[in-house]
Amino acid sequence: MADLLRLLLRVAEKAANVARVCRQEAPLFQLLVQEKTGDDKNKKFVQDFKTLADVVIQEMIRHDVGAQFPEMAGFIHGEESNKFENGLGESVTVTVCSTEEETAALLATVLDGDHTAASLLARAIHQNPATIDASTDSLTVPLSPSELGIWIDPIDATSQYIEGREEVLEEGHLSPSGLHCALVLIGVYRRSTGEPVMGVINQPFHHKDPSGGGWRGKHFWGVSCGDVNVCSLSRPKGGSEGLSAVLSSSEKQVVKESLASLCSPEKLMYASGAGYKILCVIQGLADVYVLSEGSTFKWDSCAPHALLRALGGGVVDLTKSLQSGSGAQDQQTELTYHQPYTECKGADRWANHGGLVAYRDCSQLQSIIGVLKGKL
């Protein structure tokens, strides 16, 4: 497991580099955006974009993990289809080849013969990032790669990534929108039970380098399996009085009004990106994230869910929790990641249909379930 975690931290940093390279090529970036259609379209958004950066990152992670752990190759799932259509109307399947030159040649067919851009991307895909020190050598977990699967969200909050607003991140405050909300998420789950056991989150646009002006990232990781609970972040200390919650700005009015009875006005906050909102809970910038819609997916929640479990929290299905009424942390209500909804098609097979609550503390979860009981 230590080897797998080290690999995932490395490929997440490579992914962050690709995301940054794609954003630096502004004229090219506009050409890379394609609108999803049909079963792959997220119903929540009028326009849900797939970018070449998404696809390249996903396939790079799939390639690198499959190369080191071939027994996992058939269980590495991502958000994106790796089919891309170029300007000539040709459908190209994007994969990562064994050499930088081969990958560049393939990408050039997607990029309508733009060999400069293709070479730039291929270099980012094949480069080895600086070693990330995660103090993982002593990590021993009784699981083998053959028992595990992976969910990848190559760039969560793609709309924020595309829009590219550069907000200044204030220490101790969440960022409602902007590039900070775009994350690389890699979650590992047990194939037998679906429980999340490891998560890596990379925030590619965390801060600007004071000397060079380029973006620098930040990474977070966690492992939760049996008695082993280790996280790169320590559990936030008890804050001030009153509950704080982060929501989507499009959340139902009844949810906003119900939570207003628990949270003071300044403690009811809004932010973009499902992964980023759960990261806010992990970091202690909010106590809970509540979502009443089934508009998130397994790739959004798997990685941050593992970090929350390592900190003593979790992510539950809101509908199931309201039905059980207890608000307790149990296996019946926690989200799992191994089984699709067979009655649905496309991306919806992997949606978190019952909504969710991400939390660090069971007592806070109980407060949320208590105030929403009978309202939804």
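The values are calculated or read from the model by the stated rules, or taken from the named source; none is laboratory data. All values derive from a computational prediction rather than experimental measurement. All Cβ positions, even for glycine, are placed from backbone atoms using ideal geometry, and neighbour counts span all protein chains on display. Surface areas here come from the heavy atoms of the whole protein model, side chains and all, with no ligands, DNA or RNA. Shrake-Rupley method; radii C 1.70, N 1.55, O 1.52, S 1.80 Å.
Assorted remarks:
- Theoretical ellipticity at 222 nm over the chain - DSSP helices of four or more residues, -39500 (n - 2.57) apiece, nearest 500: -10000 deg cm²/dmol
- Gain on full stretching of the segment that runs from LYS375 to THR116 - 0.36 nm per residue minus C-alpha separation: 87.7 nm
- At R0 = 22 Å, FRET efficiency that the Cβ-Cβ distance of GLU101 and ALA67 yields, to 0.05: 0.80
- Over segment 87-207, Cα pairs under 8 Å with separation of 6+ residues give a relative contact order of 17 percent.
- Grouping the Cα pair distances of the chain into 10 Å bins from zero gives a pair-distance distribution of 5, 25, 34, 25, 9, 2 percent in increasing distance order.
- Rounded FRET efficiency, nearest 0.05, which uses the C-beta distance separating CYS344 from THR140 and R0 of 35 Å: 0.35
- Using alpha-carbon coordinates, inclination of helix 362-372 to the longest axis of the chain, degrees: 80 degrees
- Annotation: extensible slack from ALA2 through ASN128 equals 43.5 nm (criterion: 0.36 nm per residue apart, minus Cα-Cα distance).
- Members of LYS14/LYS277; LYS237/LYS373; LYS14/LYS373; LYS237/LYS298; LYS218/LYS320; LYS277/LYS375 lying beyond 32 Å, as alpha-carbon distances in this model show: LYS14/LYS373; LYS218/LYS320
- Rounded to the nearest 10 Å², the accessible area of PHE297 at probe 1.4 Å: 10 Å²
- Taking the chain as a Gaussian network of alpha-carbon nodes connected by springs under 10 Å, the highest mean-square fluctuation of the residues ILE282, ILE152, ILE132 belongs to ILE132.
- Between LYS320 and GLU171, the modelled labels are 4.0 nm apart [label points 7 Å from Cα along Cα→Cβ].
- Packing here is the average count of other Cβ atoms within 10 Å per residue, and on that basis the peptides 298-310, 58-70, 175-187, highest first, run 298-310, 175-187, 58-70.
- Helix axis angle, 2-24 relative to the chain longest principal axis, alpha carbon, degrees: 70 degrees
- Cβ-based charge dipole, segment 202-360, positive-most Cα from THR336, ILE278, THR296: ILE278
- Over segment 52-150, equivalent-ellipsoid semi-axes from the Cα gyration tensor in Å: 30, 17, 10
- Neighbour-limited loop hits for GluC sites (Glu not before Pro), segment 151-196 (at most 13 other Cβ within 10 Å; DSSP other than H, G, I, E, B): GLU166, GLU170, GLU171
- Three-way shape label, segment 199-253, alpha-carbon gyration tensor, a/c 1.5: oblate
- Prolate/oblate/rounded label for segment 246-376 (Cα gyration tensor, a/c 1.5): rounded
- DSSP-defined antiparallel bridges as percent of all bridges, the chain, nearest 5: 85 percent
- Length-normalised contact order for the chain - Cα pairs under 8 Å, 6+ apart - percent: 16 percent
- The modelled label-to-label distance between GLU241 and SER159, using points 7 Å beyond Cα along the C-beta direction, is 3.8 nm.
- In this structure LYS208 has an accessible area near 80 Å², from a 1.4 Å probe over the protein heavy atoms.
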